[in-house]
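Please treat every number below as a calculation from the coordinates, not as lab data. Just so it is clear, the structure is predicted and the values come from calculations on it, not from any experiment. Note: ideal-geometry Cβ built from the backbone for every residue, glycine included; neighbour counts use all protein chains shown.
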Amino acid sequence: MPLAVVAIALVVGVFIGAVGVGGVGLPPALTWFAGLDPHTASGTSSLSFLFTGLAGTLMYARHRAMPWRFAGWLTLGAAVAALPGAFVNGLLPDRVALVPLGVFVTAAGFYNLLSRPRPPRAIRPALAVVTGAAVGFCSALTGTGGPVFLIPVLLSLGVPAVEAVAAGQLIQLPLVAFATSGYALQGSVDAGLGCLIGVLAAAGVVVGARIALRVRRLERFAAMTLVGFGLLVLTLTVASTGSASTS
């Protein structure tokens, strides 16, 4: 495995644990540095997020920061929609799924960065299930962990950042399990690479969660991270497309 992928896995884990959005950088990184096609990169990334989701859930639960009831409703919706999202990904042309991902994450980051702080609010179960379903489908479609879509939505709805990040850890587990199953049925998972990346990223999650539980103004930091990762996805996607067209 290239050293660049090792470094990226660790960094991705830290960001997933801290702000829940590190997974957005992994599929394009695997396409660019490991030579995987976009669909296999998405499937392999989904497998690795089983490790990060478990590590993050245990960390936030240990510190009693996990909103179990709220996260449970989100997870219910996500689990139902993940498998269809993975199948739709297999029907899309290479790299198409990464472009809307980059645009969405960048726009969401700017929105949360520039908007005024919103008072904390409780989300009704029905809205939580619908939100989870949308997040589950989009996450499986793009091969990213649930938090990359969930965090900007929850921040926009006024959910406190720590609760949003904690819920994002739990939602990954059934979501990526279903998504990985869908990719595996299409032969789009590198199991060995996915497990290795997952172990490395899980170590980073432990560090990231410790940071999140101590940092003030986590909402602003999360929004800035969204912008950065969104631009990274768009840059890597354009670069890999240009490389493919000249080869």
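In terms of the mean number of neighbouring beta-carbon atoms within 10 Å, the peptides 74-82, 59-67 order highest first as 74-82, 59-67. Note that the chain carries a Kirkwood radius of 17.1 Å, evaluated over its alpha carbons pair by pair.
Over all pairs of different C-alpha atoms in region 6-107, the reciprocal of the mean inverse distance, the Kirkwood hydrodynamic radius, equals 15.0 Å.
Label-to-label distance, VAL130 versus ARG64, with points set 7 angstrom from Cα along the beta-carbon direction: 3.4 nm. Taking the longest Cα principal axis of the chain as reference, the axis of helix 38-62 is set at about 30 degrees.
Between VAL103 and VAL207, the FRET efficiency estimated from the beta carbon spacing at R0 = 30 angstrom works out to 0.55. With the charge dipole of the chain set up from +1 on Lys and Arg Cβ and -1 on Asp and Glu Cβ about the Cα centre, the Cα lying farthest toward the positive end among the listed residues GLN169, THR40, PHE51 is that of GLN169. The separation of region 1-45 from region 146-192, counted between C-alpha centres, amounts to 14 Å. Label positions at LEU114 and ALA184, each projected 7 Å from the Cα along the C-beta direction, are separated by 4.4 nm. With θ taken as phi - 60° and the Karplus curve 6.51 cos²θ - 1.76 cosθ + 1.60 applied, the whole-hertz 3J(HN,Hα) list for region 175-187 is 4, 6, 5, 5, 5, 4, 4, x, 5, 5, 5, 9, x Hz, x standing for glycine and proline.
With both labels modelled 7 Å from their Cα along Cα-to-Cβ, the ALA4 to ARG220 distance reads 3.4 nm.
Going from the residue with the fewest nearby Cβ atoms within 10 Å to the one with the most, ASP37, ASP190 rank ASP37, ASP190.
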